[in-house]
Each structure stands twice: as C-alpha cells, then as structure tokens.
1. Around residue B:114, under 12 Å between beta carbons, what's the net of Lys plus Arg minus Asp minus Glu among the other residues?
2. When the dipole is taken about the Cα centre of chain B, and only Lys, Arg (+1) and Asp, Glu (-1) are charged at their Cβ, what size is it in debye, to the nearest 20?
3. Which distances in nm, rounded to one decimal and ordered from shortest, link the label point of residue B:264 to the equivalent label points in the other identical copies, with labels set 7 Å from Cα toward Cβ?
4. Using modelled backbone amide H atoms (1.01 Å from N, in-plane), which distant-in-sequence or interchain residues come within less than 5 Å of residue B:89's amide H?
5. Got the residue A:29 label distances to the other copies yet, label 7 Å along Cα→Cβ, in nm, shortest first?
6. Counting only the backbone N, which residues of segment B:193-226 are under 12 Å from the spot 7 Å out from the Cα of residue B:67 toward its beta-carbon?
7. Which residue is it, in chain A, whose C-beta lies closest to the A-to-B rotation axis, and what is that distance in whole Å?
8. Using a simple spin-label model with points 7 Å from Cα along the Cα→Cβ vector, what separation in nm is obtained for residue B:219 and residue B:279?
There are 2 protein chains.
Amino acid sequence: MSRPERPKQMLALTAEETMLQLTARRTPTGERFAAPIIVANALHADMVEEQLGAIEARAQALILEPMGRNTAPAIALAALAAGEGGGPLLVMPSDHVIGDVGAFHAAIHAAMPAVEAGWLVTFGITPDAPETGYGYIQVGESIGAGIHQVRRFVEKPRREVAEAMIAAGDHAWNGGIFLLRADAYLEALDAFAPEILAAARAAMARAVREGVRILPDAAEFARSPSDSIDYAVMEKAERVAVVPVSMGWSDLGSWDALHAISDCDEAGNACRGEVIAIDTADCLVRAGAGKRVALVGVSDLIVVVDGDDVLILPRGRSQDVKRIIEAMKK
Amino acid sequence: MSRPERPKQMLALTAEETMLQLTARRTPTGERFAAPIIVANALHADMVEEQLGAIEARAQALILEPMGRNTAPAIALAALAAGEGGGPLLVMPSDHVIGDVGAFHAAIHAAMPAVEAGWLVTFGITPDAPETGYGYIQVGESIGAGIHQVRRFVEKPRREVAEAMIAAGDHAWNGGIFLLRADAYLEALDAFAPEILAAARAAMARAVREGVRILPDAAEFARSPSDSIDYAVMEKAERVAVVPVSMGWSDLGSWDALHAISDCDEAGNACRGEVIAIDTADCLVRAGAGKRVALVGVSDLIVVVDGDDVLILPRGRSQDVKRIIEAMKK
C-alpha cells in the first residue's frame with residue numbers, strides 16, 4: 001500500500017485518519033504547541049496541505065525537500081526555519097503510532113526543564129519484547145524527574161543481545177522522537193556535522209518562499225551528507241538525555257506491527273473493509289475500497305488487497321514484503 | 001468465479017479454452033460425431049454461440065430451457081429434438097474435465113453395441129480415492145468387451161462406506177456421462193417418469209424455433225417434475241450398463257478438484273495470471289485479468305482473485321465456499 005507517490009504517513013492505516021493527520025492531532029495548535037513546521041518531500045506538498053486542511057490544521061511552514069538527505073539535514077532545515085525565538089522543537093516522524101497521547105504529553109512535560117537548559121532529549125520507549133528491528137538506548141543517571149542521561153545508543157541488535165538488554169531492565173527502544181532547542185541542535189551540528197549545517201544554511205538562504213511553503217535550494221541541499229540525527233548528533237553530543245515512556249508506541253515498520261496495535265475481534269482478527277471471515281483466527285485483513293475478501297478456515301495470515309494487488313503472507317514474516325518488492329523489480 | 005450469469009462451464013478454468021469449448025472439442029463434428037445438440041439456460045444463449053463460434057463449432061440445435069428442471073427433462077428435450085433417425089445420444093455435462101480423450105473415445109466404442117441394442121449406458125470412472133462427493137456404481141456381470149451390467153447405484157457415501165467400496169474393487173464413480181438411443185431413453189421415461197416425458201413433449205410441440213435455437217414452451221416445461229436422469233431413469237430401468245474407464249475425469253466440483261488435475265510447478269503450486277510466489281508450496285492461485293497476487297511463506301492455500309473479489313481458504317476445505325455464499329446472502 002505504501003508507494004513512493006503515497007508513502008505510509010499519507011495512508012489511513014490505524015484509523016479513519018492518516019498517520020500524518022493523527023500526528024498533527026497529537027500536538028494541536030494552541031497554548032501548548034505552536035502550528036507545526038512540516039518537512040516533506042516536494043512531491044507530497046499538495047497532499048500534505050489537503051490532509052491537514054481536512055482536519056482544519058495548518059502548518060506555520062511547509063519545507064519541501066528537493067531530495068531526501070535523511071533526518072539530520074531535514075531537522076536542520078526546520079531548526080533554521082524556526083529561528084531564534086521559536087522555542088523548543090518537538091521532532092516527530094509522521095508515520096508513528098502513539099496510543100497513549102496523555103503519556104506522551106507527560107513525557108514532554110518531564111523533558112522541558114532539561115530541554116530549556118540546552119539538553120538534546122530523546123524519548124525511550126519501554127520495550128515489551130526483544131525486538132531486533134529497533135535501536136536501543138541504555139538509560140543512565142537521573143538528571144531530573146523522569147529524565148536520565150543517555151549512557152549509550154545501541155544499533156539494531158541480534159536476538160540474544162536484545163534479550164539480554166530487556167533482562168537487564170535499563171534499556172529502552174529508540175523511538176526516533178526528539179525534543180530540543182533549535183539553537184542547541186544547530187550548535188551540535190556545527191560541532192559534529194558542520195557540512196550538514198553549512199548545506200542546510202546555504203539551501204535556506206537561497207530558498208524560494210510561496211506562502212507557508214519553503215523550497216530550499218536544490219543544488220545547495222544536495223551537498224549535504226546524508227545522515228540520521230542519531231549518528232550525526234545524538235551519539236556524539238554530550239548533553240543528551242532520555243525520557244523513558246510507555247505510550248503505546250509503534251513505528252508501524254511492518255504489517256505485523258500494525259496487527260500488534262490493532263483492535264481485534266474475539267477471534268483475534270483485525271479486519272478493515274468488506275471482509276467475510278469464517279472459522280478464521282488471528283488474521284490481519286485489509287480490503288481496499290470496493291474490494292471484498294472472503295476467508296474460510298485460515299489463521300495467522302496477513303491479507304492486504306489494494307487496487308489490483310493482493311498480498312498474502314503469514315504473521316511473523318511481514319519483513320519478507322521486501323523480497324516481494326525485489327522480485328517485482330526483477 | 002462461477003456466478004449465475006456466467007457459470008462454471010463458461011469459464012476457462014483448466015486451459016485457455018472454456019469448459020464448454022473443451023467439451024465441444026472432445027467430440028468434433030465429422031464422421032464419428034454429429035454436430036452437438038446443446039441444452040442451456042436461455043440466459044446463456046449468446047455466450048454459448050460466441051464460445052462455439054470462437055472454436056469454429058456449431059450446434060445442430062441449441063435448446064434454451066426457460067427454467068432448470070434437472071437433467072432428466074433436459075435430456076428429454078434433446079432426445080425429442082434428435083428425432084427418430086438421430087442415432088445414439090452421447091450426453092455430456094459441459095463442465096467436466098476429461099484428461100485422456102483417447103480413453104474416452106475407446107469407452108464410447110466399447111459401449112456402442114449395447115447402446116444399439118437398446119441399453120442405457122453410463123461411464124464408470126475408475127476411482128483413485130474414497131471420495132465422498134461422488135455417487136458410485138457397483139459393476140455387475142460383463143455383457144460384452146469392456147461393458148458390464150450395473151448392479152446398483154450408490155448415493156454419495158460416508159467415508160467408511162467409500163473406503164469399503166474402493167477396497168472391494170468392483171465400484172466406480174458415477175461420472176454423469178451417458179450414451180443411449182433417444183428412443184430407448186424416451187421409452188424408459190414413459191415407463192418410469194411419464195410426467196417428465198409429457199411435459200417435455202408438450203413444451204417441444206409448442207416450442208418457438210429461431211434458426212438452430214429452440215425455445216420450449218415455458219408453461220408446459222414448468223409442469224415437469226425436477227429430477228435427475230439417475231433417479232428418474234437409470235436406477236429404475238432394467239437394461240442399464242456401465243463402461244468402466246480411467247480417463248482423467250473430474251467434475252471440477254471444487255477448487256481442490258481443480259488443483260488435483262492442474263499441472264503444478266516444482267513447489268506444487270498451480271498458478272494462473274500474474275502471481276509472485278516466494279517460499280510458497282502446494283497452492284492454487286488464480287489472479288484474474290489485470291490482478292497481481294504476491295505470496296510469501298504460505299502453503300496449501302487456495303487463492304482466487306476475480307474482479308473485486310478475493311477468496312482465500314486452505315486446500316481440503318474448498319467445499320466451504322458454500323458457507324461464504326450463505327454468509328454473503330445474509
């Protein structure tokens with residue numbers, strides 16, 4: 001369902017609203033949160049504005065990347081757009097699920113004193129299984145109520161390593177959500193990834209502006225190294241903190257992840273669209289608009305019908321979708 | 001895929017040609033076989049002629065039933081249309097598979113002397129499994145080369161009964177294919193089901209004829225009891241014979257039956273249409289025109305994609321398709 005012209009964040013996967021809309025709703029513009037600064041692929045500009053418009057939200061800036069350069073440069077563009085008086089930036093991917101928004105808001109609250117003091121803060125998701133698809137954070141000494149220094153970042157581990165970290169009890173998943181002062185981030189970039197900062201600055205200096213849309217200069221932005229905020233900044237900076245939080249988080253990295261956070265019927269099925277399921281258990285079934293899916297006597301399957309495409313695989317193997325994409329390309 | 005407006009015999013299930021076309025090709029018009037008399041639902045008249053035309057076949061008569069009254073009245077219409085000098089009638093459902101046409105022709109040859117002497121002949125399929133979905137025939141004494149009296153007909157048996165019949169070695173499946181003289185059949189109807197004969201005669205007497213099309217009178221035909229040739233005639237008549245034959249026969253009564261007669265790849269998959277199968281074994285997959293089906297890591301599934309409908313069930317449970325139809329009606 002996720003395709004270059006309509007990626008995951010533009011799809012309604014967990015609710016009637018799209019991931020982008022749910023993300024915008026999570027921090028409604030008002031006393032606590034300013035209107036969002038959105039960094040998106042230039043191809044998706046109209047779709048972003050339509051989806052925000054449909055929930056009566058509006059970006060203060062829509063930064064349209066001419067090409068992807070990973071998260072460190074993208075966040076640099078946002079930090080430069082926010083300017084000096086912009087307050088802390090809450091950096092959220094728009095394709096994550098957060099089931100417990102109250103817990104998220106409490107975690108933001110816990111992070112604020114350290115953020116205002118210049119710490120770069122990440123949110124550490126309380127792990128409920130030894131996932132090998134996530135990075136981990138070792139939680140260090142407390143620096144305030146509910147907030148700790150980061151002892152170290154751990155890349156996606158092998159299974160045994162993940163199990164050991166869970167057993168140790170002092171590790172959290174790296175949720176990829178950050179809270180930081182724009183100037184603190186730009187300073188850290190200057191120290192640890194100056195080429196990224198230089199490219200982002202030059203791209204913004206020569207940017208074209210159309211209303212809230214900002215089109216950074218493509219030639220300048222293309223000069224930026226492609227790197228994540230984790231590698232470029234968080235793993236290198238000194239004042240890096242983590243707020244451990246249990247908030248029903250998922251990065252929806254697979255169909256299995258979607259099944260895990262879905263509301264299921266008594267038989268364990270999570271069905272959307274027109275689905276007839278008889279003697280069927282523990283399946284995730286998505287029938288696209290106008291499609292009808294009938295199942296009898298199956299269990300533990302993921303079935304996705306979208307347009308003229310049908311995908312069928314067992315639960316637990318949804319990482320193998322990549323193999324299908326490869327086979328299709330061949 | 002089989003729907004009232006386009007039933008199984010009008011579909012290309014086993015080859016590029018439809019079941020009707022394959023049935024017509026089995027007895028090509030020429031020295032040995034006359035052009036076919038086809039009995040069909042009036043709704044399908046154009047489709048029947050189109051499909052025959054596409055293989056350059058032509059019916060000598062296309063009898064269009066105003067409503068279904070099961071096989072005994074349908075065959076009565078054909079027998080009346082054939083008239084006195086029509087020679088024996090080979091009665092074939094147009095939705096059966098016969099893999100070994102040579103064996104079928106040899107069986108017809110073996111049956112002819114008895115047929116000409118007035119016997120009603122059925123073909124008994126050499127069983128290869130204790131199927132509970134078929135009727136059985138107990139093969140009696142020989143009355144000629146390769147032909148035997150029918151000792152008794154057995155309705156669809158329970159599993160243990162089917163196993164006992166297979167073990168006994170003197171039972172065959174009732175294939176529902178008959179060879180008989182039109183006058184012998186009409187005489188038997190007169191003796192054992194006179195109401196069927198009377199209704200068929202009256203319907204044909206008042207039939208409307210348009211070229212090869214014959215439209216029996218609906219009011220008269222409606223008076224016929226609804227009964228099968230097996231119940232109405234074969235189980236009651238005295239001179240009933242069976243030609244046992246092994247000819248790769250299937251009534252394609254289920255998706256499992258289709259899988260059983262399909263050519264499979266090395267992994268046991270029988271796929272048609274655009275199918276991407278990775279780590280997938282022993283599946284029957286049919287992707288309709290313009291559809292694309294991707295499977296990873298599944299086995300023993302039947303997957304059918306037709307228009308906006310998707311059907312998924314395990315092999316061995318394809319009789320449960322009926323339950324889906326019931327659920328849809330509800």
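1. Working: positive: B:181, B:239; negative: B:116.
That sum, taken over residues with Cβ under 12 Å, equals +1.
2. On the way: 31 positive and 45 negative charges, 122 e Å.
About 580 debye.
3. Ordered by increasing distance: 3.0 nm.
4. Those lying under 5 Å, H to H, from residue B:89 are B:180, B:181, B:182.
5. Spelled out, the distances from residue A:29's label point are 7.6 nm.
6. B:218-226
7. Smallest Cβ distance to the axis, with its residue: A:310, 3.
8. 6.8 nm
Just so you know, all these numbers are worked out from the coordinates, no wet-lab data involved. Not measured: the values here are computed from a predicted model. Heads up, the Cβs are rebuilt from the backbone with ideal geometry, glycines too, and the neighbour counts pull from every protein chain shown.
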